[in-house]
Amino acid sequence: MFLGAWVGFPANRAVFAVNRGLDAAFLKPVAMAYRDMTPQFFQDRINAALDNLRAPVILFNDVLQGELERAVATVIRFLINSSLGLLGLNDIATDMGIEGHDEDFGQTLAVWGIPEGPYVVLPLFGPSNPRDAIGMVVDFLIDPFNTWAGNTDRNYAVYSRSAARAVDLRATHLETLNELEKYSLDFYASIRSLYRQRRINEISNGDPSANWPAPGIGQGPYRETKLKTQEAFRTQ
Amino acid sequence: MLDHNRTQAALKGLVFIFVLILPLGLAPPSVAAETQEMAGSFIRSLADQAIKSLTQKDTPRDVKIKRFRTLFNDSFAVRSIGRFVLGRSWRKASKEEQTEYLKLFEDLMVVSYVDRFSRYAGDVLVITRTRAENPRNTTVFTKVKTSSTGKPAKVLWRVGSRGKIMKIVDVIVEGVSMSQTLRTEFSSIVRQKGGKVSGLIEELRKKTKSLKASGQ
């Protein structure tokens, strides 16, 4: 509670503003150029290859979450896409009906029942919380790609991959974020809400709860009984 | 002998269960199934309407906005959503503030969702399943193939029903709820304005004005 109040409002907003400035100056222009000046075919290949490289981390977390079916799917996808898919450049597994999914250690911690803690905006990395920040570090440490790069003196590979991922991710969300920025009354609050809702969705593997609070049709005076469920979604 | 009788009694009991209890158990789902089907076709027809009236490229934007306003008021529970989004502040607002807020809220929704709506409810909308959440709420799960990226987006439509009347109470795109996001945003603004709804109304007025002026 104290920590939440401390890292809460002022620091988060300030870091958010700095990140936004950096984004406008560097990442966004690059992402726009990438989207507009390279063929869609090329972007799809890059996206597939980056997804494929994540397989070991996804598998690690599938297993830790006890999701054995998903773990098997991850292994099969990796084997197919790395071989027939030419080093992951083509997502053949999805065409064959084995769809991909993402996992990370932040989600694993959530599945284990560890609370997220206060919302924190990290410099450069953006929206997060203690649980997801720890998850990010663990995922980095267990990723065999990083171990390989470290052991063979190829740190540039880690940087290039991170940069490629940032550009790929930013390019896919250009439109959505532009719209959000344009129509929001409070962009910071929108992003905060969005981040937490997306994480809840990812943790539940896209199976939303039936208790999701929503407006009722012809709703009477605001009911206090609803507040309990809404607490879970309270984004402050 | 005694054992045999017991078995028979148990069998009779089982028959009793199958004949009398089971139909009772089955009855409610079939009502729910009907509501689910209605909710599904409600979303389908809404998508068809959206394609007809909003997706033509040569339609001027102000005409699109006008059409969307009608569509929005017909198919969304605008008042309920507006009230939900304002959360606890609703009761703190005066009657005049509530009226003005709802009017501005509708304005904001119409100008800010006209483009996004035609994208989420285009002809590429496929209903994957429906689920009854409670007697009054059904979720219609859809997959929408957006033009920009290859992967289809998961869009959930929360449909509230009262008798034959059906209205959308929330749209959830890739796990992000429209109502929930607006609620966080609005409450953040009310907090910044010292807990005053009038401060939010002022911001809403500014935002809708600038969005209308930008003409896009």
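Of note:
- Residue list for the stretch B:137-183, filter: among the basic types (Lys, Arg) and more than 7 Å from chain A (Cβ to nearest Cβ): B:Lys143, B:Lys145, B:Lys151, B:Lys164, B:Arg183
- Within the stretch A:178-207, the residues that satisfy the criterion of being crowded, with 17+ Cβ neighbours inside 10 Å, of a type outside the set (Phe, Trp, Tyr) and more than 8 Å from chain B (Cβ to nearest Cβ) are A:Leu180, A:Ile191, A:Arg196, A:Arg199, A:Ile203.
- The residues of the stretch B:140-197 that are among the basic types (Lys, Arg) and in a strand (DSSP E or B), listed by number, are B:Lys143, B:Lys154, B:Arg158, B:Arg162, B:Lys167.
- Filtered residues of the stretch A:154-187 (kept if modelled with pLDDT of 90 or more and β-branched (Val, Ile, Thr)): A:Val158, A:Val167
- Listed by first and then second residue, the pairs linking a residue in the stretch A:145-160 that is closer than 17 Å to A:Ile46 by Cα to a residue that is of a type in the set (Phe, Trp, Tyr) and part of a helix (DSSP H, G or I), with Cβ atoms under 9 Å apart and 6 or more places separating them unless they lie on different chains, are A:Ala157/A:Phe145; A:Ala157/A:Trp148; A:Val158/A:Phe140; A:Val158/A:Phe145.
- Selected residue [surrounded by fewer than 16 Cβ atoms within 10 Å (Cβ to Cβ) and over 26 Å from A:Ala133 (Cα atoms)] from A:Leu68, A:Leu87: A:Leu87
- From B:Val190, B:Val197, B:Val169, residue being in contact with a strand residue (DSSP E or B) (Cβ under 8 Å, 6 or more places away or on another chain) and touching a residue at least 24 places away in the same chain (Cβ under 8 Å): B:Val169
- Helices (runs of 4 or more DSSP H) lying entirely in the stretch A:91-191 (those with 3 or more residues that are charged (D, E, K, R)): A:130-142, A:155-172, A:174-183
- Members of the stretch B:46-94 that are of a type in the set (A, V, I, L, M, F, W, C) and more than 16 Å from the chain's Cα centre (by Cα): B:Ile51, B:Leu54, B:Val63, B:Ile65, B:Leu86, B:Trp90, B:Ala93
The values are calculated or read from the model by the stated rules, or taken from the named source; none is laboratory data. Remember, it's a predicted structure, so these values are computed and weren't measured experimentally. Neighbour counts run over all protein chains shown; Cβ positions are idealised from the backbone, glycine included.
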